[in-house]
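The values are calculated or read from the model by the stated rules, or taken from the named source; none is laboratory data. Note that the coordinates shown come from a computational prediction; the quantities given were computed from them, not determined experimentally. Using ideal geometry, Cβ is built from the backbone for each residue, glycine included, and neighbour counts are taken over all protein chains shown. The accessibility values were calculated without ligands, DNA or RNA, using every heavy atom of the protein model including side chains. Shrake-Rupley method; radii C 1.70, N 1.55, O 1.52, S 1.80 Å.
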Amino acid sequence: KEIGYAIDFKEIKRVACQWIDDKLDHGFIANPHDVVYIQAALVEGSKIWKMSLEGEHNYCNPSVENVAREIFLAMEILFEEYEDLNIHEIKLNETPKCYTICNSESIPDRERNNFRETRYTEIKEYAEDKGIVEYDDRL
């Protein structure tokens with residue numbers, strides 16, 4: 001608060017960007033019903049992220065809009081220990097000229113609840129493993 005921000009951008013990169021790299025980047029983002037493709041990805045040793053907005057086993061299209069919702073919800077969990085930080089919006093580029101914007105109001109309660117029921121423990125453990133780093137050395 002004293003230095004004018006809720007979180008240092010280094011912390012966003014260290015936790016959020018690394019989570020995206022670890023879980024989604026160069027991985028197969030799958031509709032849970034795409035069992036044949038999921039099995040093929042497993043055989044190849046690929047990273048797999050199964051969409052969770054409709055629950056663990058229900059159909060969910062991995063569109064850029066839905067992936068943005070999952071990233072937004074993951075960020076809420078990753079940063080819930082930061083009491084002064086509220087995530088308002090994220091922008092996810094599909095191509096250099098095509099993107100979607102996701103904010104809290106664009107996520108139905110049903111999808112938020114399904115995601116949290118399916119992913120909360122996994123993402124919370126990731127956040128706990130990362131810990132919180134304080135960058136203000138004046139404290």
Largest-first ranking of HIS26, HIS88 by accessible area, probe 1.4 Å, whole protein assembly kept, is HIS26, HIS88
Output for segment 64-103: trypsin sites (Lys or Arg not before Pro) sitting in coil per DSSP, at most 16 other Cβ within 10 Å, listed by number, reads LYS97
The helix 64-78 Cα axis meets the longest alpha-carbon principal axis of the chain at an angle in degrees, between 0 and 90 and rounded to 10, of 40 degrees
The correct ranking of SER104, SER52 by accessible area at 1.4 Å, largest first, is SER104, SER52
Rounded to whole Å², per residue accessible area for the chain with a 1.4 Å probe reads 64 Å²
Once the in-chain neighbours fewer than 8 apart are removed, the aspartates and glutamates whose Cα is under 12 Å from LYS47 read ASP21, ASP22, ASP25
By the Kirkwood definition, with r running over pairs of different Cα atoms, segment 1-94 has a hydrodynamic radius in Å of 14.8 Å
Whole-Å distance linking the alpha carbon centroid of segment 119-136 with that of segment 9-85 is 16 Å
Rounded to the nearest 5, the percent of antiparallel DSSP beta bridges in the chain equals 65 percent
CD proxy, 222 nm, the chain: helix-only mean residue ellipticity via -39,500 (n - 2.57) per DSSP H run with n ≥ 4, per residue, nearest 500, stands at -12500 deg cm²/dmol
Expressed as a percent, the accessible surface of segment 68-139 that is carbon or sulfur, using a 1.4 Å probe and the full set of protein chains, is 44 percent
Phi angles of segment 13-21, converted by Karplus (6.51 cos²θ - 1.76 cosθ + 1.60, θ = phi - 60°) into ³J(HN,Hα) in whole Hz with x for Gly and Pro, give 5, 5, 9, 5, 5, 5, 4, 4, 4
